[in-house]
Structure formats: C-alpha cells, structure tokens
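One structure is given here, and the rest of the page talks about it.
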Amino acid sequence: MAIRILVVEDDETIAASLVRGLREEGFTVEREADGEGAWHALKAGGWDVVVLDWWLPSQDGLSILKRLRERDHETPVLILTARDSVPDRVKGLNSGADDYLCKPFSFDELLARVHALVRRREGRGGGTRLGYADVEVDLATQRVTRVGKAIDLTAKEYALLAYFVRNPDQVLSRTRIYEHVWDERYDGLSNTLEVHVFELRRKLEAFGERMIHTLRGRGYSFGRPPGSAPEDEP
C-alpha cells in the first residue's frame, strides 16, 4: 500500500491499461466506471491522486470535480479527455483540475504527470514520507533508505515495504498482505509473498538488524521483535 490513486474511466480498454500500468509502478489503484461510483469513492476520501475522465455515465467528470472542490481543495486531480481546445482546457482547470491530459496519450506522460502531482502534494504538506526507526520511504519519488543508504527495490518490494511501514508492530496475515499489495485474493498456495518477503528482508538486513518477522501460522510483523518463541523466526 503506497500512493493511493483513484482512476475514474468508463472505457474498459483505457481503464485496464491505466490500472495495470500504475500498479506495476507500485501504486495502489482502484477504479470506478461512472459518476455515481466515483462520487461515493471520493466522499470516502484517502486518495493521493485522482485520474478523472471528463465524459462519464450518470454524471460528467467536471460536475464531480466541482462537488469535490466544495469539500476538498487538496487532493490532486488529473482530467482525461478527448476535448483538446484551449477553451476546454481552461474550463477544466477553472473547474478545479490540477492538470489536464488529452486522449490519446502516452502512459509515460501520464505517469510523469502523476509523479508531479504527488510531489506537489508533498510540498503542500500532504504527508508522502513514511518512516520507522532507521527506514524511510518517500512515496513521491519511491526512494527507500535505511540509515541514510539507498536501497534498490522492485515495484512490488517497494509496495510491500510501504504497506509494512504503514502498519508497524502488528500481526499481518498473509491474506491481508496479499490482498492489499497484489490486489488479488490469496489462494493459500502461491509462494509469491514469501519470495518477495525474503528478498525485501535480505536488502533491508544489509544495513541493519531484522525488521520483518515471520510468525508461524499467523503471518508477518514489521518493526520490533514480536516477543514470540524462537521457532517463530526461520
């Protein structure tokens, strides 16, 4: 669980591409396909960036954006639309959008704009840095350090660490971790989680003591040793 992005897009092909691409970059992504669902998700709050299509079933994106800005002036919103005239861009920005991207677009450009919005939010005090003991995670740049030393992580290792740091000193079941980091149901058979924990633990322990603890039959904990029996640790 890292930066939380809400994608509001009714086109199935575009939405699937965006969700897949952003998740591969280590973001936590949810998608809504119409205006009503988008508004319910926005009211719940907790989004770091919103990618919002202009044309939507039930309620258009600009109407939703105006309602959002009546209660939330901080959450960055990137408008997607096929309308590329200057008056349309002005209308979108004046409605409260932080950025505006015309279709068709390059995913690399969208990703760069999302990173820029995250950095802007950080500058406004949006709280995009996490830390525990000597481990620091910068959600804006996805840079991870321990005792000031940079650690090179894959996208999934980074997302896994961010989830651990957000939930320190807790018993985290395999099911809970898998469903938050992989956005999929845990089938109880895959060893994907174990492999990623092993690699993440190895990289963290290159600069200090163990922080990811295995709890047999229960899952994992991050932070202080859980005070469990010695056989809990592999």
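Among the numbered criteria (1) part of a helix (DSSP H, G or I); (2) open to solvent by 60 Å² or more (accessible area, probe 1.4 Å); (3) at pLDDT 85 or above, which one does Leu68 miss? Unmet for Leu68, out of (1) part of a helix (DSSP H, G or I); (2) open to solvent by 60 Å² or more (accessible area, probe 1.4 Å); (3) at pLDDT 85 or above: (2). Could you list, in sequence order, the residues of the stretch 23-42 that are closer than 22 Å to Leu160 by Cβ and either in a strand (DSSP E or B) or open to solvent by less than 20 Å² (accessible area, probe 1.4 Å) (or both)? The answer is Gly26, Phe27, Thr28, Val29, Glu30, Arg31. Scanning the stretch 76-92 for residues that are open to solvent by less than 80 Å² (accessible area, probe 1.4 Å) and over 24 Å from the mean Cα position of the chain (by Cα) gives Ala82, Arg83, Ser85, Asp88, Val90, Gly92. Within the stretch 8-22, does at least one residue satisfy the condition of being open to solvent by less than 20 Å² (accessible area, probe 1.4 Å), part of a strand (DSSP E or B) and not basic (Lys, Arg)? Yes: one or more hits. Each residue in the stretch 149-173 was checked for being open to solvent by 60 Å² or more (accessible area, probe 1.4 Å) and without any contact (Cβ under 8 Å) to a residue 60 or more places away in the chain, and 7 pass.
Suppose we filter Asp53, Asp88, Asp84 for residues that are modelled with pLDDT of 90 or more and acidic (Asp, Glu); which single one remains? Working first, answer last.
Working: Asp88 fails: modelled with pLDDT of 90 or more; Asp84 fails: modelled with pLDDT of 90 or more.
Of Asp53, Asp88, Asp84, the one residue that is modelled with pLDDT of 90 or more and acidic (Asp, Glu) is Asp53.
Only one of (1) within 17 Å of the chain's Cα centre (by Cα); (2) open to solvent by less than 10 Å² (accessible area, probe 1.4 Å) is not met by Gly45, so which one is it? Evaluating Gly45 over (1) within 17 Å of the chain's Cα centre (by Cα); (2) open to solvent by less than 10 Å² (accessible area, probe 1.4 Å) leaves (2) as the failure. Does the stretch 57-70 include one or more residues that are in contact with a Cys (Cβ under 8 Å, 6 or more places away or on another chain) and under 16 Å from Ala33 (Cα atoms)? No. Look at the stretch 23-49: where a residue is touching a residue at least 60 places away in the same chain (Cβ under 8 Å) and a partner is open to solvent by 60 Å² or more (accessible area, probe 1.4 Å) and not in a helix (DSSP H, G or I), sitting 6+ places away or on another chain with Cβ atoms under 9 Å, you get Gly26/Thr154.
The values are calculated or read from the model by the stated rules, or taken from the named source; none is laboratory data. For clarity, every value in this text was computed on a predicted model and none was experimentally measured. All Cβ positions, glycine included, derive from the backbone under ideal geometry; neighbour counts span all protein chains shown. Side chains are part of the model used for accessible areas, which takes the heavy atoms of the whole protein and leaves out ligands, DNA and RNA. Shrake-Rupley method; radii C 1.70, N 1.55, O 1.52, S 1.80 Å.
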